[in-house]
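Peer 1: Below are the structure tokens for one structure; questions will follow.
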Amino acid sequence: MNRLVVNPNTPQAWEIQLKPGENSFGRGDATDFTIPDPSVSTRHCRVLVADDGVILQDLGSTNGTSVNGVAGQQFKLENGQALRFGNVDLVYYSDTPAAAPPKPAGTKLRVSLASHAPAAPVAAVAALAEAPPPTAPPRMAGPAAVAGGNRFCKFHPKSLARFFCAQCGRSFCDLCVTTRPSEDGAVRTCRSCGVEVTPLEVRSERVVQRSFYSKLPGAFIYPFRDMGLVVVIFATIAFAAVGFMAGMFAIGANVLFYGFLFLFMQNIIHTTASDESEGLAFPEMDGLIGAALALLGTVLMSFWLTILLLILQYSGIEIPGAFIIASTILGCLYFPMAFLAVAIKDTPLAGNPLVVFPSIMKIPAQYSVAAFVLLSVYGVRKLGGYISGEAGALAFHTHDINTVVLALGLRAVWAFVSFYLLTVSIRILGLLYNSTKDKLGWS
């Protein structure tokens, strides 16, 4: 198996399995393997895997390609060579066995993990030869059977495991085992237990990462997955209940509700950022007042210019309506990224322009699509809210019981639809971060 380890000897190390034939690399989504680093060109280079060797070819990249510190256009790769794409370090590994002199007979166990049958147990085949000399210390062999499916390194979750320790039961990549010399040649041992690890032969299919655009349709069915429908219904009831309150009690209830709303939306973003498959759930109710203030702070940072112009207008200063409309549109374009930054970083200070504007410029295409969808959803919610409000007013000014039931039913249905659309909007923000977090570079 030919493979590349990206960012070797770092906690961010991850592994690329090279397929036979052409493997293209670059920063763009059109390549086989995306390396999201500004120093890597959109289509940087390619690796050709053939029976007679592995060839690396630069594709006219801006910052160049080098092997063992030597820049060039084409290289024939050998096992263990250090590669560099722009400012990104890589190491090439080949598991093709090299010719070697006969070794003293001993016992060795190799385990094969097959990705096409992850639920089936994998048999470990042990080739037993004649017993080692009495003076040689015995080696610990791996278990007779290992659970099926691909294993990933304990400390580098993106890298497929190459070795298994039978004593501690952990799987490791090349970077996480110790190599020491012995009479039989190099021996690789577990860093924790000190015993010899069992080599794993892994066959895996390359996982093609879905782009942000391909994930968008799934956002509209997200609220109906698992217990999501129940969560939306209960949240809608809470929202309606707050609307019927009045006086000082209503102020306190609104603060708590909007605190819950911020935590609810933040929970969607966090779960989407860490695991796209996780369903909708209620957040923990700690810090509702602080969450309400965080939401208020985000709104003020996004629409402060509009608020200022309105205050000046109400104070008697003539402000052109076009200025107010333009500032409102600017705030609507600013708010999604500001809210995303505040939710991810968990501080209202993250919504400042020094964070928001550079982040928008890093992903202009994806953010434009997300902002357009979010503003469209917001427009539908506002239109439906206006119709729902008119229906509610009609219910209070008519004596026809059928009209009252119909108007209140319409308002209840729209309250549910409005909260559903809000959930979809925040899910889209979470998908935007999940797909572009490497480019955003938020820590």
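The values are calculated or read from the model by the stated rules, or taken from the named source; none is laboratory data. Computed from a prediction, not measured in an experiment: that's the story for all the values here. Methodologically, a virtual Cβ is constructed for each residue, glycine included, from the backbone with ideal geometry; neighbour enumeration extends over all protein chains shown. These accessible areas exclude ligands, DNA and RNA; they are computed on the full protein's heavy atoms, side chains included. Shrake-Rupley method; radii C 1.70, N 1.55, O 1.52, S 1.80 Å.
Peer 1: Between residues in the range 300-317 that are within 24 Å of Pro348 (Cα to Cα) and residues that are surrounded by 18 or more Cβ atoms within 10 Å (Cβ to Cβ) and of a type in the set (A, V, I, L, M, F, W, C), which pairs lie under 7 Å by C-beta distance while being six or more apart or on different chains?
Peer 2: Met301/Ala338; Ser302/Phe335; Ser302/Ala338
Peer 1: Taking the range 412-434, which residues are farther than 18 Å from Val377 by Cα and crowded, with 19+ Cβ neighbours inside 10 Å?
Peer 2: Answer for the range 412-434, where residues must be farther than 18 Å from Val377 by Cα and crowded, with 19+ Cβ neighbours inside 10 Å: just Tyr433.
Peer 1: Considering only the range 187-216, state which residues are loosely packed, with under 15 Cβ neighbours inside 10 Å, part of a strand (DSSP E or B) and at pLDDT 75 or above.
Peer 2: Listed by number, the list is empty, since nothing qualifies.
Peer 1: Answer yes if at least one residue in the range 296-310 is outside any helix (DSSP H, G or I) and out of contact with any strand residue (DSSP E or B) (no Cβ under 7 Å at 6 or more places or on another chain), and no otherwise.
Peer 2: No: zero hits.
Peer 1: Does Val231 satisfy the criteria of being buried (at least 18 other Cβ atoms within 10 Å of the Cβ) and either closer than 30 Å to Lys439 by Cα or at pLDDT 80 or above (or both)?
Peer 2: yes
Peer 1: Name every residue in the range 8-26 that is in a loop (DSSP other than H, G, I, E, B), open to solvent by 20 Å² or more (accessible area, probe 1.4 Å) and at pLDDT 85 or above, in order of residue number.
Peer 2: Of everything in the range 8-26, those that are in a loop (DSSP other than H, G, I, E, B), open to solvent by 20 Å² or more (accessible area, probe 1.4 Å) and at pLDDT 85 or above turn out to be Lys19, Pro20.
Peer 1: If I ask for residues that are in a loop (DSSP other than H, G, I, E, B) and open to solvent by 50 Å² or more (accessible area, probe 1.4 Å), which ones from the range 37-74 would you list?
Peer 2: Result: Pro38, Thr42, Arg43, Asp51, Asp52, Leu59, Gly60, Thr62, Asn63, Asn68, Gly69, Gln73.
Peer 1: Sticking with this one: Restricting attention to the range 328-346, which residues are within 14 Å of Ala273 (Cβ to Cβ), aliphatic (A, V, I, L, M) and touching a helix residue (DSSP H, G or I) at 6+ places or on another chain (Cβ under 6 Å)?
Peer 2: Listed by number, the residues that qualify are Leu340, Ala341, Val342, Ala343.
Peer 1: For the range 328-374, what are the residues that are hydrophobic (A, V, I, L, M, F, W, C), open to solvent by 10 Å² or more (accessible area, probe 1.4 Å) and farther than 16 Å from Leu431 by Cα?
Peer 2: Ile329, Leu330, Cys332, Leu333, Phe335, Leu349, Leu354, Val355, Phe357, Met361, listed by residue number.
Peer 1: Separate question: Answer with yes or no whether Phe282 is modelled with pLDDT of 80 or more and of a type in the set (Phe, Trp, Tyr).
Peer 2: So Phe282 does not fit the description; no.
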